[in-house]
Every structure is written in C-alpha cells, then in structure tokens.
Amino acid sequence: MNSKYSSLYTSLFLNLIYALFKGLSGYYFQSSWLISIAFYYMILSIMRFLLLRKDRKIKKQLHRKIIEELKTYRFCGYLMFLLNIAVTAIVLQMIHNAKYYEYPGTLIYAFAAYTFYSLISATINLIRYRSINRPILSAAKILSLANALISILALQTALFVQFGDGESSILILNGITGSTVCLSIFIMAILMIVHSTKKIKKLQ
C-alpha cells in the first residue's frame with residue numbers, strides 16, 4: 001500500500017477504535033466529557049473515511065480528478081465546522097466542569113514528545129502536499145494538523161494537573177488555549193472553503 005495512504009488507513013482505524021471506546025465508556029459512566037471526546041473522534045473518522053472513499057472513486061482524467069478532489073477538499077472544510085463543535089464541547093467541559101486529560105507517571109513525557117512530533121510532522125507534510133497539488137492529501141494533512149492542535153491542548157491540561165498548583169489560573173489558561181485552538185480550526189475551515197471554491201470556478 002502507498003505510504004501516503006497507509007497513514008490515512010491507520011489513522012482511520014485508530015480513530016474509530018478510540019471513538020468507540022470513549023463512546024461506550026461515556027454511556028456506561030454517563031459522562032458528557034467522554035461522549036464529547038467520542039464525538040470529536042467520530043467526526044474525525046468520518047472525514048478520513050470520506051477522503052479515502054472519494055480518492056478511490058475519482059476518475060483518472062487529470063482535469064476532472066483535480067475538480068473532484070477540490071470538491072472533496074471543500075466538503076471537508078464544511079465538516080471542519082462540525083469538528084469544531086466537538087472541540088468546543090471539549091473545551092467547555094474543561095472550563096466549566098474542570099475536566100482534563102491525565103497521564104500517569106512518566107507517560108506524560110512520552111505523550112509530550114509524541115505531541116510535538118505530530119505538530120511538526122503535520123505542518124511539514126501540509127506544506128509538502130500543497131506543493132504537489134493533491135487537494136485530498138492536503139485535506140488529510142489539515143486534519144492531522146487540527147488533531148495535533150487538540151493534542152497540544154490535551155498536553156497542557158495534563159501538565160497542569162501533574163505540575164500546576166493554581167486551579168483558577170489553570171481554568172483561565174485552558175480557556176485561552178482552547179479558544180485559540182477552536183479559532184484556528186475555524187480559520188482553517190474558512191480557508192479550505194474559500195480556496196477550493198476559487199480554484200473550482202477557475203477550472204470550470
């Protein structure tokens with residue numbers, strides 16, 4: 001399998017498993033926090049499945065292929081708004097219900113390393129795939145970047161839990177970072193829609 005797509009299949013599988021686990025846990029424990037996380041990963045899974053499915057169905061004719069990819073890219077931009085609703089629900093849970101991520105012992109350092117690797121990797125890949133004019137792959141990398149931003153927020157909450165000592169300041173900082181992440185995803189969605197719409201009109 002092409003390495004460009006194997007990562008998509010792997011991410012899709014892991015997202016589905018994680019969404020199912022969090023959803024069942026949320027239902028069992030009656031936890032809106034776990035259900036919010038499950039909703040986020042379910043939307044992420046739907047978007048990745050859409051990208052894979054559409055890429056397999058696109059015709060081989062180059063001109064038509066680019067237009068179809070741009071339409072899929074634009075649709076993912078619309079779905080980013082739905083993804084942002086899930087992220088907003090998570091952030092609100094952090095602020096109003098003092099919910100947080102927690103990683104025991106030294107596991108938090110491993111998560112920190114993985115988070116920064118994901119952020120750097122997603123940024124580099126986004127730039128790389130934009131340059132080769134493959135909107136579907138670019139959309140996949142934008143999803144990876146959005147997920148990396150969520151990981152940064154999760155890492156912050158975990159670090160505050162393990163090393164912080166002021167609950168009110170923690171809630172404020174989580175609110176600031178959470179709002180920044182939500183705004184970033186909203187801006188990415190707008191840019192995806194505007195950019196793809198302009199290119200589709202130009203090609204047509």
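The values are calculated or read from the model by the stated rules, or taken from the named source; none is laboratory data. No experiment lies behind these values; they were computed from the predicted model shown. Cβ atoms come from the backbone with ideal geometry, glycine included; neighbour counts cover every protein chain shown.
Could you look through segment 33-88, keep only residues that are surrounded by 18 or more Cβ atoms within 10 Å (Cβ to Cβ), of a type in the set (S, T, N, Q) and closer than 22 Å to T197 by Cα, and pick out the one that is modelled with the highest pLDDT?
Of everything passing the filter in segment 33-88, N84 is modelled with the highest pLDDT.
Condition (residue is touching a Cys at 6+ places or on another chain (Cβ under 6 Å) and part of a helix (DSSP H, G or I)) applied to segment 178-189: is it met by at least one residue?
Looking for residues that are touching a Cys at 6+ places or on another chain (Cβ under 6 Å) and part of a helix (DSSP H, G or I), one finds none in segment 178-189, hence no.
Considering segment 72-102 alone, what residues qualify as being small (G, A, S) and under 29 Å from F160 (Cβ atoms)?
Result: A86, A89, A98.
Are any residues in segment 76-128 out of contact with any Leu (no Cβ under 8 Å at 6 or more places or on another chain), under 20 Å from S138 (Cα atoms) and of a type in the set (A, V, I, L, M), and if so, which ones?
Result: M80, L82, I120, I124, I127.
Could you list, ordered by first residue, the pairs with Cβ atoms under 7 Å in which the first is in segment 1-18 and modelled with pLDDT under 80 and the second is of a type in the set (G, A, S) and surrounded by 15 or more Cβ atoms within 10 Å (Cβ to Cβ), at least 6 apart or interchain?
L8/A140; L12/S45; N15/S45
Can you tell me which residue among Y114, Y78 is farther than 22 Å from Y18 by Cβ, part of a helix (DSSP H, G or I), touching a residue at least 24 places away in the same chain (Cβ under 8 Å) and not basic (K, R)?
Going through Y114, Y78 in turn, just one is farther than 22 Å from Y18 by Cβ, part of a helix (DSSP H, G or I), touching a residue at least 24 places away in the same chain (Cβ under 8 Å) and not basic (K, R): Y78.
Restricting to segment 89-101, give me the number of residues that are part of a helix (DSSP H, G or I) and either hydrophobic (A, V, I, L, M, F, W, C) or modelled with pLDDT under 85 (or both).
Qualifying residue count for the region: 7.
Would you mind finding the one in I193, I176 that is surrounded by fewer than 19 Cβ atoms within 10 Å (Cβ to Cβ), over 30 Å from A98 (Cα atoms) and modelled with pLDDT of 85 or more?
Every option except I193 fails the conditions.
Among I152, I142, I136, which is modelled with pLDDT of 85 or more, within 20 Å of N15 (Cα to Cα) and either surrounded by fewer than 19 Cβ atoms within 10 Å (Cβ to Cβ) or not hydrophobic (A, V, I, L, M, F, W, C) (or both)?
Unique residue meeting the criteria: I152.
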